[in-house]
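Data block below; observations after.
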Amino acid sequence: MNFPEEFLHFIWQFRLYGAQTLRTTSGETIEVLQQGTLNKDAGPDFSKAKLIIGDTTWVGNVEIHIKSSDWLLHNHQVDSAYENVILHVVYEDDAPIYRKDGTILPVLILKGLFPLHLLDNYEQLITSTNSFPCEKQIHTVDEFLINGFLSRVLVERLEQKSTEVYDKLRELKGDWDETFYHFMARNFGFKVNAIPMEMLAQSLPQQLFAKHKDSPLQIEALIFGQAGFLNQSFEDDYPNQLKREYLFLQKKYSLKPIDISLWKFMRMRPQNFPTLRLAQFAALIVNSNHLFSKILVMRDYRNSQILFENLPVSPFWETHYHFNKEAENVGLQIGKSSIQNILINTLSLFLFAYGKALDQHNYVTRSFYLLENIQSENNAIIKQYEAAGVLVKNAFNSQAFLQLKKKYCNEKKCLTCGIGIKILKQ
């Protein structure tokens, strides 16, 4: 038999070793009162187990191996963390293991105790060449069970992404508004130009905009100037005005623009060109400086997309994608899908991170509520799950499926996936 140790964790955790009386290799009966909690960190595999072995009740840890000799192979005999192991669960017993006091460690052999179809199901999943391991079986799993596991996976995703928020928050001395501004800027770069947008925010503290909140032209000049786009000659009045304003502000605040070569235009739809995104970002700053403070007091997050609609983008961009090149029928406003991207990846994330950091669960609830009221993302990964017969109702579901694919399906961690476990047990 060729399977990982995690398969035996699965058998032990869900008590799939049959209804027969369990016995140690020395013949003592084993009654499992509590199988313990699976430990994902260093140390024994299951902690806080409660067993009756023979006539004695034991409380402690359970260690699981394919072969009992793996105990020695992993050097557990010299690790004090394993001194409280009360049962050694193995597939094959090929070597006696002794405690430090010289007594032999009780052993339970799982070989022959669990039905072979469990291993067959596992091998089918783990050797699958489909888009994801359970592509052919997931439609048989109850929707309620799927949604329950998706909720857990979504929290896992948001917790992982929140660590980056907290890192930036520490860097910015605990300023939530400034941290949100940095993430919002990066989100406006939409992956391709996320790095230069982040560098732009780093070079332009939000407090600087507050000093010029009554002058949209100066805010635009600061943004385009720091982005490196005003270091050239122009034909039109508007960019020349921006250039004059920027040269004054640059000297006043000792500003150094970022390298214009960082911005990417290649293989992009003109509507996503960084020049137009910067114009939209400037309009957002003009409209809603210190935006996160406003978001925190919003009453209805279903209307949060209004914050990004009808922005006061300069009319110059109605006929331009570049400063010195005219165009026709340029859409000034951010598209619906781009707004949804911002709501999912910045607003929802920050509501969750803020709520967790301050232990205010109402903001976590608002984060989920926002995702539940946003249309599901439409990408190749989501289409794979939909093609397999799964209903992806909203962004709450689609974000969870993206996490499921990346952290479970791609790594074939079916034994720790609630959906995979259900299929394995069928």
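Note on the range 282-294: among residues that are of a type in the set (S, T, N, Q) and open to solvent by less than 40 Å² (accessible area, probe 1.4 Å), the one that is nearest to residue 225 (Cα to Cα) is 289.
Considering the range 2-26, the residues that are open to solvent by 40 Å² or more (accessible area, probe 1.4 Å) and over 35 Å from the mean Cα position of the chain (by Cα) include one that is modelled with the lowest pLDDT, namely 19.
For the range 280-292, does any single residue satisfy the condition of being over 27 Å from the mean Cα position of the chain (by Cα), part of a loop (DSSP other than H, G, I, E, B) and of a type in the set (Gly, Ala, Ser)? Within the range 280-292, one or more residues are over 27 Å from the mean Cα position of the chain (by Cα), part of a loop (DSSP other than H, G, I, E, B) and of a type in the set (Gly, Ala, Ser). All told, residue 144 meets the bar of being outside any loop (DSSP other than H, G, I, E, B), among the aromatic types (Phe, Trp, Tyr), within 22 Å of residue 384 (Cα to Cα) and open to solvent by 60 Å² or more (accessible area, probe 1.4 Å). Hey, could you check the range 216-239 for residues that are of a type in the set (S, T, N, Q) and modelled with pLDDT under 95 and say which is least open to solvent (accessible area, probe 1.4 Å)? Applying the filter and picking the extreme gives 232. Could you list all residues from the range 57-84 that are over 22 Å from residue 11 (Cα atoms) and hydrophobic (A, V, I, L, M, F, W, C)? Hits for the range 57-84 are 72, 73, 78, 81. Please work out if residue 114 is within 37 Å of the chain's Cα centre (by Cα), of a type in the set (Phe, Trp, Tyr) and open to solvent by 40 Å² or more (accessible area, probe 1.4 Å). Judged against the criteria, residue 114 is not a match. Considering 161, 191, the condition of being surrounded by fewer than 19 Cβ atoms within 10 Å (Cβ to Cβ), among the basic types (Lys, Arg) and modelled with pLDDT under 95 is satisfied by 191 alone. All of (1) modelled with pLDDT of 90 or more; (2) under 28 Å from residue 417 (Cα atoms) hold for residue 79 with one exception: (2).
Here 109, 86, 30, 53 are screened, and the one residue that is of a type in the set (A, V, I, L, M), modelled with pLDDT of 95 or more and open to solvent by 40 Å² or more (accessible area, probe 1.4 Å) is 109.
Mind checking which residues of the range 87-136 are touching a Gly at 6+ places or on another chain (Cβ under 9 Å), assigned to a loop (DSSP other than H, G, I, E, B) and under 22 Å from residue 387 (Cα atoms)? Passing the criteria: 133, 134.
Please verify whether residue 242 is hydrophobic (A, V, I, L, M, F, W, C), crowded, with 22+ Cβ neighbours inside 10 Å and assigned to a helix (DSSP H, G or I), treating the condition exactly as stated. Criteria met by residue 242. Figure legend. Inter-residue proximity from the range 14-42: first residues within 19 Å of residue 93 (Cα to Cα), second residues acidic (Asp, Glu), beta-carbon distance below 8 Å, spacing 6+ or different chains. Indicated pairs: 22/31; 25/93. Working only within the range 189-209, note down all residues that are under 21 Å from the mean Cα position of the chain (by Cα) and among the small types (Gly, Ala, Ser). Matches in the range 189-209: 189, 194. In the range 245-260, of all residues being open to solvent by 100 Å² or more (accessible area, probe 1.4 Å) and part of a helix (DSSP H, G or I), the one that is nearest to residue 322 (Cα to Cα) corresponds to 248.
Looking across the range 194-215, the residues that are of a type outside the set (Gly, Ala, Ser) and open to solvent by less than 30 Å² (accessible area, probe 1.4 Å) come down to 196, 197, 200, 204, 206, 208, 209, 212. The set of residues in the range 56-76 being in a strand (DSSP E or B) and open to solvent by less than 30 Å² (accessible area, probe 1.4 Å) consists of 60, 61, 62, 63, 64, 65.
Residues of the range 34-43 that are open to solvent by 70 Å² or more (accessible area, probe 1.4 Å) and in a strand (DSSP E or B): 34, 37.
The values are calculated or read from the model by the stated rules, or taken from the named source; none is laboratory data. On a predicted model such as this, the values are computed, not experimentally measured, just so you know. Glycine gets a Cβ as well: all are built from the backbone with ideal geometry, and neighbour counts include every protein chain shown. All accessible areas refer to the heavy atoms of the entire protein, side chains included, with ligands and DNA or RNA removed. Shrake-Rupley method; radii C 1.70, N 1.55, O 1.52, S 1.80 Å.
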